[in-house]
Amino acid sequence: MKASESVKPISYIKANASKILQEINDTNKIVIITQNGEAKAILQDIKQYEQLQDSLALLKILAISNKNLKNKKSKPVSESFNSIRKRIEQEKLNEI
């Protein structure tokens, strides 16, 4: 679906809010809201928004990981797990 197919002026949104929200929920389409002929905002289904946020978070993690690998700020998995195990054991000893 092209974004240009879902462009609506704010006056249309005001007059048809319920209908538009139902359409967004049913089809997962986005609606671009214009004001004075200029795109100003996007309406989208909340589940779709949450998925987008999750995807962005994963991409950020991958970018950080890639940067750390390039800067040689990484260690083997076995070393990481050993470090975690030691911390857990230390916390258990501190609780006693």
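Leu58 versus Asn16, label points 7 Å from Cα toward the beta carbon: distance in nm?
It works out to 3.4 nm between the two label points.
Would you compute, for the Cα atoms of the stretch 54-96, the largest minus smallest coordinate along each principal axis and list the three values in descending order, in whole Å?
In descending order, the Cα extents are 41, 26, 13 Å.
With charges only on Cβ, +1 for K and R and -1 for D and E, what is the dipole size of the stretch 48-95 about its Cα centre, in debye, rounded to 20? Working shown, then result.
Values: 10 positive and 6 negative charges, 89 e Å.
Roughly 420 debye, rounded to the nearest 20.
Please give the contour-minus-distance gain from Leu93 to Val77: 0.36 nm per residue of separation, less the Cα-Cα distance, rounded to one decimal in nm. Numbers along the way, then the final one.
Details: separation 16, 0.36 × 16 = 5.76 nm, distance 2.44 nm.
That pair, Leu93 and Val77, stretches by 3.3 nm at full extension.
Give me, ordered by chain and number, the residues 5 or more places off Val7 or on other chains with an amide H under 5 Å from its own placed amide H.
Correct list: Ile32.
Charges at C-beta only: +1 for Lys and Arg, -1 for Asp and Glu. How large is the resulting dipole of the stretch 3-44 about its Cα centre, in Debye rounded to 20? Write out the running numbers ahead of the final one.
Working: 5 positive and 4 negative charges, 26 e Å.
Dipole about the Cα centre, nearest 20: 120 debye.
Have a look at the DSSP beta bridges in the chain and tell me what percent are antiparallel, nearest 5. Could the numbers behind the result be given before it?
On the way: 5 of 8 bridges.
Bridges in the chain that DSSP calls antiparallel: roughly 60 percent.
Whole number please: convex hull volume per residue, Cα atoms of the chain, in Å³.
Values: hull volume 21.0 nm³, N = 96.
Taking only Cα atoms, the chain has a hull volume of 219 Å³ per residue.
For the chain, what does -39500 (n - 2.57) per DSSP helix run (n ≥ 4), summed and divided by total residues, give at 222 nm, in deg cm²/dmol to the nearest 500?
Details: 4 runs with 61 residues, N = 96.
Theoretical 222 nm ellipticity from helices: -21000 deg cm²/dmol.
Where a number appears in this text, it was derived from the coordinates with a stated rule and is not lab data. Since the model is a prediction, treat every value here as computed from it, not as a measurement. Counting neighbours? That spans all protein chains shown, and the Cβs are built from the backbone with ideal geometry, glycine included.
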